[in-house]
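The values are calculated or read from the model by the stated rules, or taken from the named source; none is laboratory data. All figures in this text were calculated on a predicted structure; none of them were measured in a lab. So basically every Cβ, Gly included, is an ideal-geometry build from the backbone, and we count neighbours across all protein chains shown.
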Amino acid sequence: MLPILIYAGSPQTRSGILEFLHNYAKTSNDRFTILNNTDSADQAARSIRGAPGILLLIAGVGGGPAAQTATGLERDATAQNRDSYTVYWMDRLDQLPAVAAACLHPAGFVLPPPDQQQFDWIMARVFADYAALTQAPAENFLMLHNGGAVHRIPVSSVSYIEALDKKLNIWTGQQCLTVYEKLAHVQELLGAAFFRCHRSYLINFAWLESVDFSAMELTLRGGVRLPLSRSGKAPLKERMKKEGLPGAG
């Protein structure tokens, strides 16, 4: 069930959003719960921080500083859980350029005058994506907490993990995410798909391209070179032999 947070300064806008949501529920099998329905940005921000996971923020944008406030709440929701959704309900079309310039990854815009069919189309896309995320096998994703935020990382995208002081650098093919966590705990979460090649490095075995046992060094996809510890040499050779990879002799 998807939690929905409604934020708008106008009571008419909040009432209109609720009416459209209830109409959508009548013609859809998608289920949701109203996390909060408020005109207070502070209350909305607290609701975001207290949300247990993915949420849908429907932010009403009217006059004054509403565009800045709404896009700020989207940033809060994305920081808390990057899979969260934001739909902007535009009371005034002249605010659209300001929202478009400051928003991150909106799930949609409800433009004035609001249309139920347009709203239903946006909601259907959100719920379809939410179902795909929440019904995917849990073992295909690495869930890590960083402060108040939750990071959901596809395991297949992780190239290697580096322990540095009390932090971990999680390297994917596109970015590096830093979290406070222990390497041994993450290794336990990831299981056999990953190999501890060094006390400070955990590699995705599927990303391994070659090993130079004389130099005690291995190369991952993309040309990344990492050290191989002496204690990891024999287990790596055994793993490579078991999986029929060359160079294990």
### Message
Suppose we filter the range 161-186 for residues that are touching a strand residue (DSSP E or B) at 6+ places or on another chain (Cβ under 7 Å) and not hydrophobic (A, V, I, L, M, F, W, C); how many remain?
### Response
9
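Residues to consider are N23, N37; find the one that is within 25 Å of the chain's Cα centre (by Cα), in contact (Cβ under 8 Å) with a residue 12 or more places away in the chain, assigned by TED's automatic domain parsing to the domain that holds A124 and within 22 Å of Y130 (Cβ to Cβ). Spell out how you get there, then give the answer.
Working: N23 fails: within 25 Å of the chain's Cα centre (by Cα).
None of the other options fit; the residue is N37.
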### Task
Say whether the condition of being at pLDDT 95 or above, of a type outside the set (V, I, T) and more than 27 Å from L177 (Cα to Cα) is met by at least one residue in the range 69-83.
no
## Note on the structure
Within the range 212-249, the residues that are of a type in the set (D, E) and either in a loop (DSSP other than H, G, I, E, B) or closer than 14 Å to R196 by Cα (or both) are E217, E238, E243
### Message
Quick check on my filter: what residues within the range 16-43 are small (G, A, S) and loosely packed, with under 13 Cβ neighbours inside 10 Å?
### Response
S40
### Task
Tell me, yes or no, whether the range 51-62 has at least one residue that is crowded, with 21+ Cβ neighbours inside 10 Å, in contact with a Lys or Arg (Cβ under 9 Å, 6 or more places away or on another chain), at negative phi and among the small types (G, A, S).
yes
### Message
Checking the structure you have, find out if any residue of the range 69-79 is touching a His at 6+ places or on another chain (Cβ under 8 Å) and not assigned by TED's automatic domain parsing to the domain that holds T178.
### Response
yes
### Query
In the range 159-207, which residue that is of a type in the set (D, E) and more than 25 Å from E243 (Cα to Cα) is nearest to the chain's Cα centre (by Cα)?
E181
### Query
Within the range 93-147, restricting attention to residues that are of a type in the set (D, E, K, R) and in contact (Cβ under 8 Å) with a residue 24 or more places away in the chain, which residue is nearest to G16 (Cα to Cα)?
D120
### Message
Condition (residue is out of contact with any His (no Cβ under 7 Å at 6 or more places or on another chain), surrounded by 14 or more Cβ atoms within 10 Å (Cβ to Cβ) and hydroxyl-bearing (S, T, Y)) applied to the range 174-184: is it met by at least one residue?
### Response
no
### Task
Could you list all residues from the range 202-211 that are surrounded by 15 or more Cβ atoms within 10 Å (Cβ to Cβ) and either in a strand (DSSP E or B) or not assigned by TED's automatic domain parsing to the domain that holds A234 (or both)?
L202, I203, N204, L208, V211
### Query
Which condition breaks for E217 when tested against (1) touching a residue at least 24 places away in the same chain (Cβ under 8 Å); (2) surrounded by 13 or more Cβ atoms within 10 Å (Cβ to Cβ); (3) over 30 Å from P3 (Cβ atoms)?
(1)
### Task
Report, by residue number, each residue of the range 161-200 that is touching a helix residue (DSSP H, G or I) at 6+ places or on another chain (Cβ under 7 Å) and in contact (Cβ under 8 Å) with a residue 40 or more places away in the chain.
I161, G173, L190, F195
